[in-house]
Amino acid sequence: MAWGSRVFLGFSQHSTRVRNGGSGESIMNFRSLILAGGVAVLFAQLVPGSAQDLEFDPVFFEDLEAPVLDALDEKQLEAVCKQLQHRLQGEYVLDLAELRTVARALLPVLDNLAEAEPYAAWLRARLDYLDVATELRLTIPAPPADQPPAPPPSPVVIRKKWAEQLQREPVPTKIETLVPRLKKLFISEGITPEMVWLAEVESGFNPKARSPVGAVGLFQLMPATAKFLELSVWPFDQRLNPDKNATAAAKYLKYLAGKFKDWRLILAAYNAGEGTVRRALEKHGAKGFDEIAIRLPAETQMYVPKVEAVIQRREGVALSDLKLPR
């Protein structure tokens, strides 16, 4: 869709800036809009039918508050989730700390809307990314305003922080029979059974979880990946079946293992895509994850050490000690 037909919403200093193509720009007091119940009306007028029509400026999340989120409908909440997903793809991992307040305000709103349950499951599994980023930011002194941002934390530092974080996180509930079943499926595909804990990181073991970009199920398979693994997404989405989702995920891990032969790189490719990881390795003449970590999306920089910490915490084994599939 061309820029001229798109809507741009910017929230800054509690004012709303609306620009609809070339039709001009107006400023409204943000709090007055909320009190008048006008947020839902504003969105309804400017978003004709799809969250794809909505764009946000970079300071959107700094000013978005719970009263605004409560006023939004499913499509508008979907737009917020998509912007959140977009911000997770930035490279500077400390920027994720800026998302913590709005994400925590957004989650109960999603929980209270039955249609948004899949998004709630996706977001809940990623809240601790923002907690860890916040803690990392506190340990790295901010430079003066006229200086470049502080260097990003190293993978070693992030791994240490995740090990501390997992000491505080309980095992997900109601998985006593699910985990053993998933382990059998992984073993049958030649994948070490400890890797089933990938589902805790991906979806919190919720088979209904759906990301704003369309990944679905326990192991968050994208439509293209599902098709590659011979899963149907229509008329019935087989990714919603826990066993089929797990079997496909194990097959995909085995496929990636044949490409990268290193668990950290395999996990990075599972999250960011094999092309993203391969290009980073080739561009920087690198061999391992730590050499390219800061060149990968912020979500991936968090994802790989979180999986590593989860496996260590739940199984008492280091990622480096797990056998690669043959």
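The values are calculated or read from the model by the stated rules, or taken from the named source; none is laboratory data. Not measured: the values here are computed from a predicted model. All Cβ positions, glycine included, derive from the backbone under ideal geometry; neighbour counts span all protein chains shown.
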query: Quick one: is Pro108 touching a residue at least 24 places away in the same chain (Cβ under 8 Å) and either over 23 Å from Leu221 (Cβ atoms) or in a helix (DSSP H, G or I) (or both)?
result: no
Criterion violated by Tyr129 - all others in (1) within 28 Å of Leu218 (Cα to Cα); (2) more than 12 Å from the chain's Cα centre (by Cα) satisfied: (2)
task: Give the residue, chosen from Leu130, Leu107, that is within 28 Å of Phe289 (Cα to Cα) and not basic (Lys, Arg).
output: Leu130
query: What residue, among those in region 111-130 that are free of Cβ contacts under 8 Å to residues at least 24 places away in the same chain and not charged (D, E, K, R), is nearest to Leu166 (Cα to Cα)?
result: Ala120
query: Going by the conditions given, is Leu136 modelled with pLDDT of 95 or more, assigned by TED's automatic domain parsing to the domain that holds Val307 and aliphatic (A, V, I, L, M)?
result: no
- request: Residue by residue through region 65-79, note down the ones that are under 16 Å from Arg104 (Cα atoms) and either loosely packed, with under 14 Cβ neighbours inside 10 Å or of a type in the set (S, T, N, Q) (or both).
  value: Pro67
- request: Restricting attention to helices (runs of 4 or more DSSP H) lying wholly within region 247-309, give those where 2 or more residues are among the polar types (S, T, N, Q), crowded, with 24+ Cβ neighbours inside 10 Å and free of Cβ contacts under 8 Å to residues at least 24 places away in the same chain.
  value: none
Subset of region 72-94 (residues that are of a type outside the set (Asp, Glu), in contact with a helix residue (DSSP H, G or I) (Cβ under 9 Å, 6 or more places away or on another chain) and under 20 Å from Thr276 (Cβ atoms)): Lys82, Leu84, Gln85, Arg87, Leu88, Gln89, Gly90, Tyr92, Val93
message: So for region 162-173 (the condition being more than 24 Å from Leu99 (Cβ to Cβ), out of contact with any Gly (no Cβ under 6 Å at 6 or more places or on another chain) and surrounded by fewer than 20 Cβ atoms within 10 Å (Cβ to Cβ)), does at least one residue qualify?
response: yes
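Quick grid of which residues meet (1) assigned to a helix (DSSP H, G or I); (2) assigned by TED's automatic domain parsing to the domain that holds Glu291; (3) over 16 Å from Ala309 (Cβ atoms); (4) aromatic (Phe, Trp, Tyr):
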residue	(1), (2), (3), (4)
Glu117	yes, no, yes, no
Ala120	yes, no, yes, no
Tyr129	yes, no, no, yes
Val132	yes, no, no, no
Pro143	no, no, yes, no
Glu176	no, yes, yes, no
- prompt: Can you tell me how many residues in region 204-236 are among the charged types (D, E, K, R), closer than 25 Å to Thr173 by Cβ and surrounded by fewer than 21 Cβ atoms within 10 Å (Cβ to Cβ)?
  reply: 1
statement: Filtering region 188-204 down to residues that are of a type outside the set (Phe, Trp, Tyr), within 26 Å of Pro118 (Cβ to Cβ) and assigned to a helix (DSSP H, G or I) yields Met195, Val196, Leu198, Ala199, Glu200, Val201, Glu202, Ser203
